[in-house]
Amino acid sequence: MKILIIEDDEQYQSILSRKLTSSGYEVEVAINGKDALIKLNKNKISLIILDLLMPEMSGWKFMYEMSRTQHKNIPIIILTNASEAAYPSRVPLVMDFLIKADVSLDELVKKVGKHMSAGETKKKSK
């Protein structure tokens, strides 16, 4: 199962990638939403970890564009420092988890694991 990390901070992107890889996940990275849309078409992605505030194409714009593609059902974990007041009311409809960026990497891996397990259970029951 492959995770797509969409994060413009290359240092944080690298830290997340290493942690998830060492936890047994395959990882693909993108520096913005535009790059991520290209990578979605080239890879079989099971889960997306998304930053909201990025240059070229924000996380908000990425979610909108993704919702118009065959990839619209891929679950999204939003990992951000933005305050909750900044989220439009539609956010709960397009994301699966909202996690503050200061969460520990171990806690993030636990949430990814729970989400990936739930996704596999749903696939098997269909």
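The values are calculated or read from the model by the stated rules, or taken from the named source; none is laboratory data. The shown structure was predicted, so the numbers you read here are calculated from the model rather than taken from an experiment. No Cβ is skipped: glycine too gets one built from the backbone with ideal geometry, and neighbour counts run over all protein chains shown.
Per-structure values
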item	result
Residue that is nearest to E107 (Cα to Cα) [pool: residues in region 14-28 that are of a type in the set (G, A, S) and outside any helix (DSSP H, G or I)]	S23
Where D51 falls short, out of the listed (1) within 20 Å of S104 (Cβ to Cβ); (2) at pLDDT 90 or above; (3) under 13 Å from the mean Cα position of the chain (by Cα)	(2)
Restricting region 2-13 to residues that are part of a loop (DSSP other than H, G, I, E, B) and within 13 Å of the chain's Cα centre (by Cα), the residue that is farthest from V29 (Cα to Cα)	D8
Of all residues making up region 29-58, the number that are crowded, with 18+ Cβ neighbours inside 10 Å and either assigned to a strand (DSSP E or B) or on the phi > 0 side of the Ramachandran plot (or both)	6
Cross-chain or 6+ apart pairs with Cβ under 8 Å, region 4-20 first and closer than 8 Å to D51 by Cβ, then of a type in the set (F, W, Y) and surrounded by 20 or more Cβ atoms within 10 Å (Cβ to Cβ)	I6/F62
Subset of region 54-65 (residues that are under 12 Å from D35 (Cα atoms) and under 14 Å from the mean Cα position of the chain (by Cα))	M54, S58, G59, F62
Counted residues, region 14-47 - those being within 13 Å of the chain's Cα centre (by Cα), hydroxyl-bearing (S, T, Y) and within 17 Å of T80 (Cα to Cα)	1
Every pair of residues 6+ apart whose Cβ atoms lie under 6 Å, when the first sits in region 96-118 and is in a loop (DSSP other than H, G, I, E, B) while the second is at pLDDT 75 or above and surrounded by 14 or more Cβ atoms within 10 Å (Cβ to Cβ)	D96/P75; D96/I76; A101/L79
Residue satisfying all of: in region 61-74; touching a residue at least 24 places away in the same chain (Cβ under 8 Å) and surrounded by fewer than 19 Cβ atoms within 10 Å (Cβ to Cβ); farthest from E7 (Cα to Cα) among these	T69
